[in-house]
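The values are calculated or read from the model by the stated rules, or taken from the named source; none is laboratory data. Worth saying up front: this structure is predicted, and the values here are computed from it rather than measured. Here the Cβ is made from the backbone with ideal geometry for all residues, glycine too, and neighbour counts use every protein chain on show.
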Amino acid sequence: MLTQIKKIVSPTNPIRLAWHFVWDLAATIFYRFPSRSITVIGVTGTNGKTTTANLIAKILETNGEKVALATTINFWLGEKKWDNITKMTSLGRGGVQRFLRQAVNAGCNYAVLEVSSHALIQHRVWGVNFNAAILTNITHEHLDFHGSFEEYIAAKELLFWRLAKNRESGEKIAILPAEDTSIEHFLRIPEIGIISFGFKKGDLRAENLRVRESSQKFEVIGMEEKFEITTKLLGNFNVSNILAATALALALKIRPKIIRQVFRNLKPLPGRLEAIDGGQNFRVIVDFAHTPDALEKLLRTFRAVTEGRVWLVFGATGDRDRAKRPVMGSIAAKLADEIILTSDDPFSEDPEKIIFEVREGIPRTEGENFLVEVDRRKAIRYACENAQKEDTVLIAGKGCEQFQVIGNKKIPWDDREISRKFLEKRFAKLRRK
């Protein structure tokens with residue numbers, strides 16, 4: 001365990017790391033070790049953490065459990081549910097222990113936590129006794145913080161080392177993606193019971209996938225079970241998220257009937273493949289995709305079900321991994337018919353500089369189905385006003401975030417509401433004619 005920590009200290013000031021550790025040690029003691037009184041499930045990975053955590057929580061709730069949930073977009077404390085407006089994946093210093101104490105006091109018997117690599121390095125989940133841990137996937141992300149892909153993997157490993165070191169738990173369940181190239185790093189961790197999932201291999205597999213315009217079906221096979229799932233959550237990446245959640249549910253002895261019921265009735269999460277209806281005759285989707293892997297999966301999902309053109313409105317976040325910017329531009333150029341390159345959250349960086357670095361991956365010249373519009377509102381407007389019947393407009397990067405960060409200003413923002421207003425205005429005019 002010490003070796004793992006030494007490998008990843010370099011991205012952060014050691015003094016600051018020590019301060020994080022002391023703070024969270026104090027919080028663990030102050031809140032009286034709450035994780036000893038509740039079953040804690042941690043979900044980590046590059047993409048799919050929020051969706052998978054919510055799927056697990058919904059399955060547990062449908063099974064009659066009282067659940068606490070903390071993710072990038074939302075919180076639950078039993079029946080009390082509210083949005084996360086902080087943009088933080090994991091709670092800040094002392095926040096995890098405080099949340100778990102609130103969960104215990106509210107009578108929750110399960111807590112599902114979305115756990116970021118930053119939180120793992122900064123000891124924000126120190127003192128948490130995890131009973132189960134899920135890895136959704138690992139692709140290149142946050143290399144500006146971690147320094148290298150190897151150190152990023154090592155950061156993710158820390159969740160599973162925490163699981164292995166939990167002396168309060170009997171069975172320790174680790175759910176891992178069988179087809180992820182990084183899985184070997186996790187298989188070496190002792191004292192955890194590993195269950196893998198995948199399409200072609202794994203303890204739990206998805207087979208016979210059938211995709212329709214607004215839903216998909218597939219068979220779940222493995223862990224001594226075989227049953228069909230129907231879901232409105234589109235894309236292979238969502239099949240993977242569903243498999244991860246299902247693997248954990250089956251390990252917890254939850255019946256397939258409950259699992260099937262959840263996925264049959266579940267709607268996409270806010271800002272995750274969320275369809276926007278403004279009365280238009282084409283599809284508009286708002287999604288959080290902000291990494292190369294997520295952007296490619298988003299585009300491929302809707303490329304397969306779109307008869308017309310695929311429009312993409314996207315940018316890259318400032319003060320983050322710059323290496324991924326031209327990669328995202330290249331993916332957009334390969335898979336989108338119409339590209340509108342714009343700002344995301346520039347933070348302290350010059351938005352035009354960020355756009356220039358994304359443009360390096362786009363071989364098109366402006367005007368060749370390619371537009372640069374720094375103002376994100378105008379970029380969304382252009383797509384909503386120019387898309388035609390049978391097209392799909394993808395607005396990627398921010399999902400359901402409620403503000404845009406430019407410099408030191410937080411500007412109220414919602415891609416969903418902005419696009420809906422432009423659509424309603426355009427199609428109200430058409431209806432009046």
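Data for the structure
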quantity: Some residue of segment 407-417 being of a type outside the set (S, T, N, Q), without any contact (Cβ under 8 Å) to a residue 60 or more places away in the chain and either in contact with an Asp or Glu (Cβ under 8 Å, 6 or more places away or on another chain) or buried (at least 19 other Cβ atoms within 10 Å of the Cβ) (or both); calculated: yes
quantity: Condition check for residue 230: within 18 Å of residue 51 (Cα to Cα), modelled with pLDDT of 95 or more and surrounded by fewer than 21 Cβ atoms within 10 Å (Cβ to Cβ); calculated: yes
quantity: Qualifying position, being at pLDDT 95 or above and outside the structural domain of residue 303 (by TED's automatic domain parsing), among 239, 211; calculated: 239
quantity: Subset of segment 165-189 (residues that are touching a Lys or Arg at 6+ places or on another chain (Cβ under 7 Å), surrounded by fewer than 18 Cβ atoms within 10 Å (Cβ to Cβ) and at pLDDT 90 or above); calculated: 179
quantity: Filter result for residue 52 (among the hydroxyl-bearing types (Ser, Thr, Tyr) and in a helix (DSSP H, G or I)); calculated: yes
quantity: Flag if residue 284 is modelled with pLDDT of 95 or more and within 17 Å of residue 396 (Cβ to Cβ); calculated: yes
quantity: Residue among 162, 205 that alone is charged (D, E, K, R) and part of a helix (DSSP H, G or I); calculated: 162
quantity: Test: residue in segment 52-61 that is touching a Gly at 6+ places or on another chain (Cβ under 7 Å) and touching a residue at least 60 places away in the same chain (Cβ under 8 Å); calculated: no
quantity: Residues of segment 173-185 satisfying the condition of being within 20 Å of the chain's Cα centre (by Cα) and under 14 Å from residue 138 (Cα atoms); calculated: 175, 176, 177, 178, 179, 180, 181, 182, 183
quantity: Residue among 267, 334, 257, 353 that alone is modelled with pLDDT under 95 and on the phi < 0 side of the Ramachandran plot; calculated: 267
quantity: Which listed residue is surrounded by 13 or more Cβ atoms within 10 Å (Cβ to Cβ) and part of a strand (DSSP E or B), from 194, 259; calculated: 194
quantity: Which numbered condition residue 398 fails, given (1) of a type in the set (Lys, Arg); (2) under 25 Å from residue 306 (Cα atoms); (3) surrounded by fewer than 21 Cβ atoms within 10 Å (Cβ to Cβ); calculated: (3)
quantity: Matching entry among 227, 237, 149 (being under 22 Å from the mean Cα position of the chain (by Cα) and free of Cβ contacts under 8 Å to residues at least 60 places away in the same chain); calculated: 149
quantity: Among the candidates 319, 287, residue that is assigned by TED's automatic domain parsing to the domain that holds residue 420, over 19 Å from the mean Cα position of the chain (by Cα) and of a type in the set (Asp, Glu); calculated: 319
quantity: Selected residue (only one of 213, 171, 228, 184 is in contact with a helix residue (DSSP H, G or I) (Cβ under 9 Å, 6 or more places away or on another chain) and either in a loop (DSSP other than H, G, I, E, B) or closer than 27 Å to residue 122 by Cα (or both)); calculated: 171
quantity: Strands (runs of 3 or more DSSP E) contained in segment 63-139 and holding at least 3 residues free of Cβ contacts under 8 Å to residues at least 60 places away in the same chain and closer than 23 Å to residue 400 by Cα; calculated: 67-70, 74-77, 80-83
